[in-house]
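Structure record follows, encoded as C-alpha coordinates.
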Amino acid sequence: MDSFKHRGNRRKLIDLLRSKGISDENVLTAMNKVPRHLFLTSAFEDHAYEDKAFPIAADQTISHPYTVAFQSSLLDISPGDKVLEVGTGSGYQTAVLVAMQADVYTIERQKSLVDFSRRMLRKINLEPRYQTYGDGYKGLPSFAPFDKIIVTAGSPILPSILLQQLKIGGIGVVPIGETNQKMFTFLRVDERRYEQMEFGDYQFVPMLEDKDIL
(Lines give C-alpha, C1' and ligand atoms only; values in the text may rest on other atoms or scores of the structure.)
Protein backbone atom coordinates (compact mmCIF):
# COMPACT_ATOMS: atom_id res chain seq x y z
CA MET A 1 0.00 0.00 0.00
CA ASP A 2 2.72 2.48 1.00
CA SER A 3 6.07 1.09 -0.12
CA PHE A 4 9.64 2.10 0.66
CA LYS A 5 9.78 3.66 -2.81
CA HIS A 6 6.65 5.71 -2.12
CA ARG A 7 8.07 6.98 1.16
CA GLY A 8 11.36 7.87 -0.51
CA ASN A 9 9.59 9.80 -3.26
CA ARG A 10 7.54 11.58 -0.61
CA ARG A 11 10.70 12.75 1.14
CA LYS A 12 11.99 14.11 -2.17
CA LEU A 13 8.70 15.99 -2.61
CA ILE A 14 9.07 17.54 0.85
CA ASP A 15 12.59 18.69 -0.08
CA LEU A 16 11.18 20.21 -3.27
CA LEU A 17 8.45 22.05 -1.36
CA ARG A 18 11.08 23.44 1.02
CA SER A 19 13.11 24.66 -1.97
CA LYS A 20 9.98 26.42 -3.25
CA GLY A 21 9.57 28.34 0.00
CA ILE A 22 7.27 26.20 2.14
CA SER A 23 8.65 26.57 5.66
CA ASP A 24 5.76 25.48 7.91
CA GLU A 25 7.13 22.28 9.46
CA ASN A 26 3.64 21.27 10.62
CA VAL A 27 2.53 21.23 6.97
CA LEU A 28 5.64 19.45 5.71
CA THR A 29 5.48 16.80 8.43
CA ALA A 30 1.82 16.13 7.66
CA MET A 31 2.41 15.89 3.90
CA ASN A 32 5.27 13.47 4.53
CA LYS A 33 2.78 11.20 6.35
CA VAL A 34 0.01 11.19 3.73
CA PRO A 35 0.32 8.64 0.87
CA ARG A 36 -0.76 10.88 -2.04
CA HIS A 37 -0.58 7.99 -4.52
CA LEU A 38 -3.67 6.44 -2.91
CA PHE A 39 -5.73 9.50 -3.87
CA LEU A 40 -4.91 9.19 -7.60
CA THR A 41 -5.99 6.71 -10.23
CA SER A 42 -3.40 3.95 -10.69
CA ALA A 43 -2.45 5.35 -14.10
CA PHE A 44 -0.78 8.31 -12.36
CA GLU A 45 0.70 6.45 -9.39
CA ASP A 46 4.29 6.63 -10.65
CA HIS A 47 3.98 10.43 -10.82
CA ALA A 48 2.14 10.93 -7.51
CA TYR A 49 5.06 12.71 -5.81
CA GLU A 50 5.80 15.15 -8.59
CA ASP A 51 4.54 18.68 -8.09
CA LYS A 52 1.70 18.24 -10.55
CA ALA A 53 -2.09 18.33 -10.56
CA PHE A 54 -3.94 15.29 -11.94
CA PRO A 55 -7.51 14.58 -13.08
CA ILE A 56 -9.73 12.65 -10.70
CA ALA A 57 -13.38 11.57 -10.92
CA ALA A 58 -16.26 13.91 -11.81
CA ASP A 59 -14.06 16.16 -14.00
CA GLN A 60 -12.24 17.45 -10.92
CA THR A 61 -8.52 17.58 -10.10
CA ILE A 62 -6.19 16.86 -7.23
CA SER A 63 -4.18 20.04 -6.66
CA HIS A 64 -0.42 20.46 -7.02
CA PRO A 65 1.31 19.49 -3.77
CA TYR A 66 2.70 23.03 -3.63
CA THR A 67 -0.83 24.46 -3.72
CA VAL A 68 -1.93 22.10 -0.94
CA ALA A 69 1.11 23.06 1.12
CA PHE A 70 0.67 26.79 0.48
CA GLN A 71 -3.03 26.87 1.34
CA SER A 72 -2.39 24.76 4.43
CA SER A 73 0.40 27.13 5.51
CA LEU A 74 -1.87 30.16 5.09
CA LEU A 75 -4.38 28.56 7.48
CA ASP A 76 -1.78 28.63 10.29
CA ILE A 77 -3.23 25.48 11.87
CA SER A 78 -2.89 24.76 15.57
CA PRO A 79 -3.80 21.32 16.96
CA GLY A 80 -7.52 21.16 17.65
CA ASP A 81 -8.47 23.98 15.28
CA LYS A 82 -11.99 23.54 13.92
CA VAL A 83 -11.62 23.71 10.14
CA LEU A 84 -14.28 23.84 7.44
CA GLU A 85 -13.06 22.46 4.10
CA VAL A 86 -15.23 23.29 1.09
CA GLY A 87 -14.49 20.78 -1.65
CA THR A 88 -13.31 17.43 -0.26
CA GLY A 89 -12.34 16.23 -3.73
CA SER A 90 -10.28 13.05 -3.56
CA GLY A 91 -9.66 13.65 0.16
CA TYR A 92 -5.94 14.44 -0.07
CA GLN A 93 -6.17 17.97 1.36
CA THR A 94 -8.51 16.61 4.03
CA ALA A 95 -5.93 14.00 5.02
CA VAL A 96 -3.19 16.63 5.28
CA LEU A 97 -5.35 18.79 7.57
CA VAL A 98 -6.24 15.81 9.77
CA ALA A 99 -2.55 14.86 9.92
CA MET A 100 -1.95 18.43 11.15
CA GLN A 101 -4.30 17.54 14.06
CA ALA A 102 -7.12 19.80 12.91
CA ASP A 103 -10.76 18.88 13.58
CA VAL A 104 -11.96 18.90 9.97
CA TYR A 105 -15.53 19.36 8.74
CA THR A 106 -15.58 18.75 5.00
CA ILE A 107 -18.25 19.06 2.31
CA GLU A 108 -18.31 17.91 -1.33
CA ARG A 109 -20.98 18.28 -4.03
CA GLN A 110 -19.90 15.29 -6.16
CA LYS A 111 -21.30 12.07 -4.72
CA SER A 112 -18.68 9.85 -6.41
CA LEU A 113 -15.91 11.85 -4.72
CA VAL A 114 -17.64 11.73 -1.34
CA ASP A 115 -17.74 7.94 -1.57
CA PHE A 116 -14.13 7.64 -2.80
CA SER A 117 -12.63 10.04 -0.26
CA ARG A 118 -14.52 8.51 2.63
CA ARG A 119 -13.14 5.10 1.69
CA MET A 120 -9.53 6.32 1.32
CA LEU A 121 -9.53 8.41 4.51
CA ARG A 122 -10.83 5.46 6.49
CA LYS A 123 -8.20 3.22 4.90
CA ILE A 124 -5.30 5.40 6.09
CA ASN A 125 -6.91 6.24 9.43
CA LEU A 126 -7.08 9.99 8.79
CA GLU A 127 -10.82 10.55 8.95
CA PRO A 128 -12.26 14.04 9.45
CA ARG A 129 -14.53 14.94 12.33
CA TYR A 130 -17.48 15.28 9.92
CA GLN A 131 -17.86 14.57 6.20
CA THR A 132 -20.91 15.20 4.07
CA TYR A 133 -22.39 15.51 0.60
CA GLY A 134 -23.83 18.95 -0.09
CA ASP A 135 -23.58 22.47 -1.47
CA GLY A 136 -20.29 23.98 -0.42
CA TYR A 137 -21.50 27.51 -1.15
CA LYS A 138 -23.66 27.28 1.96
CA GLY A 139 -20.92 25.93 4.18
CA LEU A 140 -22.00 24.13 7.35
CA PRO A 141 -23.77 26.79 9.43
CA SER A 142 -25.05 24.26 11.97
CA PHE A 143 -21.42 23.57 12.96
CA ALA A 144 -20.21 27.20 12.86
CA PRO A 145 -18.25 29.12 13.96
CA PHE A 146 -14.99 27.73 12.60
CA ASP A 147 -11.42 28.68 13.47
CA LYS A 148 -10.38 28.28 9.84
CA ILE A 149 -12.08 27.83 6.46
CA ILE A 150 -10.38 26.54 3.30
CA VAL A 151 -11.98 26.54 -0.16
CA THR A 152 -10.36 24.18 -2.67
CA ALA A 153 -12.21 25.36 -5.79
CA GLY A 154 -12.25 28.69 -7.58
CA SER A 155 -15.06 30.93 -6.33
CA PRO A 156 -16.19 33.47 -8.97
CA ILE A 157 -17.19 35.91 -6.23
CA LEU A 158 -16.33 36.46 -2.57
CA PRO A 159 -18.30 33.73 -0.71
CA SER A 160 -19.60 35.96 2.08
CA ILE A 161 -21.96 33.30 3.45
CA LEU A 162 -18.88 31.15 4.16
CA LEU A 163 -16.83 33.91 5.76
CA GLN A 164 -19.72 34.66 8.10
CA GLN A 165 -19.14 31.17 9.53
CA LEU A 166 -15.65 32.19 10.76
CA LYS A 167 -15.20 33.01 14.41
CA ILE A 168 -13.73 36.41 15.33
CA GLY A 169 -9.99 36.04 14.77
CA GLY A 170 -10.55 33.17 12.34
CA ILE A 171 -8.86 32.85 8.93
CA GLY A 172 -10.41 31.96 5.57
CA VAL A 173 -8.30 30.90 2.57
CA VAL A 174 -10.16 31.28 -0.73
CA PRO A 175 -9.13 31.33 -4.41
CA ILE A 176 -11.35 33.91 -6.14
CA GLY A 177 -11.90 34.34 -9.87
CA GLU A 178 -13.35 32.70 -12.96
CA THR A 179 -10.89 30.67 -15.11
CA ASN A 180 -7.83 31.88 -13.18
CA GLN A 181 -7.93 32.86 -9.54
CA LYS A 182 -6.12 34.99 -7.02
CA MET A 183 -5.46 33.40 -3.65
CA PHE A 184 -6.82 35.44 -0.74
CA THR A 185 -6.84 35.20 3.02
CA PHE A 186 -9.52 36.81 5.14
CA LEU A 187 -8.93 37.48 8.83
CA ARG A 188 -12.19 38.16 10.65
CA VAL A 189 -11.59 41.25 12.79
CA ASP A 190 -15.11 41.66 14.19
CA GLU A 191 -18.73 40.94 13.25
CA ARG A 192 -18.53 43.06 10.10
CA ARG A 193 -14.87 43.54 9.16
CA TYR A 194 -12.28 41.29 7.52
CA GLU A 195 -8.63 41.99 6.76
CA GLN A 196 -7.84 40.79 3.26
CA MET A 197 -4.48 39.75 1.77
CA GLU A 198 -3.67 38.55 -1.76
CA PHE A 199 -1.12 35.84 -2.60
CA GLY A 200 -0.83 35.59 -6.38
CA ASP A 201 -2.27 33.56 -9.24
CA TYR A 202 -3.60 30.00 -9.08
CA GLN A 203 -5.83 27.78 -11.18
CA PHE A 204 -8.58 25.66 -9.64
CA VAL A 205 -11.66 23.94 -10.99
CA PRO A 206 -14.72 26.20 -10.56
CA MET A 207 -16.79 26.18 -7.40
CA LEU A 208 -20.33 25.21 -8.40
CA GLU A 209 -23.61 25.81 -6.62
CA ASP A 210 -26.00 23.00 -5.73
CA LYS A 211 -25.27 19.30 -5.55
CA ASP A 212 -24.94 17.03 -8.52
CA ILE A 213 -27.92 14.94 -9.54
CA LEU A 214 -27.95 11.32 -8.43
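The values are calculated or read from the model by the stated rules, or taken from the named source; none is laboratory data. Here the structure is a predicted model, which means the values were calculated and not measured. Here the Cβ positions follow ideal geometry from the backbone for every residue, glycine too, while neighbour counts run over all protein chains shown. Heavy atoms of the whole protein, side chains included, go into the accessibility calculation; ligands, DNA and RNA do not. Shrake-Rupley method; radii C 1.70, N 1.55, O 1.52, S 1.80 Å.
Below is a table of values for the structure above.
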{"read-out": "From the options L28, L16, residue that is touching a Lys or Arg at 6+ places or on another chain (Cβ under 9 Å), assigned to a helix (DSSP H, G or I) and surrounded by fewer than 20 Cβ atoms within 10 Å (Cβ to Cβ)", "value": "L28"}
{"read-out": "Sole residue being part of a loop (DSSP other than H, G, I, E, B) and hydroxyl-bearing (S, T, Y), chosen from T132, T179", "value": "T179"}
{"read-out": "Test: residue in region 167-189 that is among the aromatic types (F, W, Y) and more than 14 Å from T106 (Cα to Cα)", "value": "yes"}
{"read-out": "Residue pairs meeting the criteria (Cβ under 7 Å; at least 6 apart or on separate chains; first in contact (Cβ under 8 Å) with a residue 24 or more places away in the chain and of a type in the set (S, T, Y), in region 91-118; second assigned to a helix (DSSP H, G or I) and open to solvent by 30 Å² or more (accessible area, probe 1.4 Å))", "value": "Y105/F143; S112/A57; S112/A58"}
{"read-out": "Unique match (being small (G, A, S) and open to solvent by 50 Å² or more (accessible area, probe 1.4 Å)) among S78, S73", "value": "S78"}
{"read-out": "Hey, E191 open to solvent by 20 Å² or more (accessible area, probe 1.4 Å) and modelled with pLDDT of 95 or more or not", "value": "no"}
{"read-out": "Test: residue in region 162-174 that is open to solvent by 10 Å² or more (accessible area, probe 1.4 Å), in a strand (DSSP E or B), hydrophobic (A, V, I, L, M, F, W, C) and touching an Asp or Glu at 6+ places or on another chain (Cβ under 8 Å)", "value": "yes"}
{"read-out": "Yes/no for I149 being assigned to a strand (DSSP E or B) and either under 25 Å from N26 (Cα atoms) or out of contact with any strand residue (DSSP E or B) (no Cβ under 7 Å at 6 or more places or on another chain) (or both)", "value": "yes"}
{"read-out": "The listed residue being within 21 Å of S90 (Cβ to Cβ), within 15 Å of the chain's Cα centre (by Cα) and of a type in the set (S, T, N, Q), out of Q181, Q203", "value": "Q203"}
{"read-out": "Region 198-214, subset surrounded by 11 or more Cβ atoms within 10 Å (Cβ to Cβ) and farther than 26 Å from Y133 by Cβ, residue modelled with the highest pLDDT", "value": "F199"}
{"read-out": "Extreme residue, surrounded by the fewest Cβ atoms within 10 Å (Cβ to Cβ), among residues of region 119-135 that are in contact with a helix residue (DSSP H, G or I) (Cβ under 8 Å, 6 or more places away or on another chain) and in contact (Cβ under 8 Å) with a residue 40 or more places away in the chain", "value": "K123"}
{"read-out": "Count of region 46-70 residues which are modelled with pLDDT of 90 or more, open to solvent by 20 Å² or more (accessible area, probe 1.4 Å) and assigned to a helix (DSSP H, G or I)", "value": "3"}
{"read-out": "Of the criteria (1) touching a residue at least 40 places away in the same chain (Cβ under 8 Å); (2) under 22 Å from N125 (Cα atoms); (3) open to solvent by 60 Å² or more (accessible area, probe 1.4 Å); (4) over 17 Å from the mean Cα position of the chain (by Cα), which one K33 fails", "value": "(4)"}
{"read-out": "Complete set of residues in region 139-159 that are small (G, A, S) and open to solvent by 60 Å² or more (accessible area, probe 1.4 Å)", "value": "S142"}
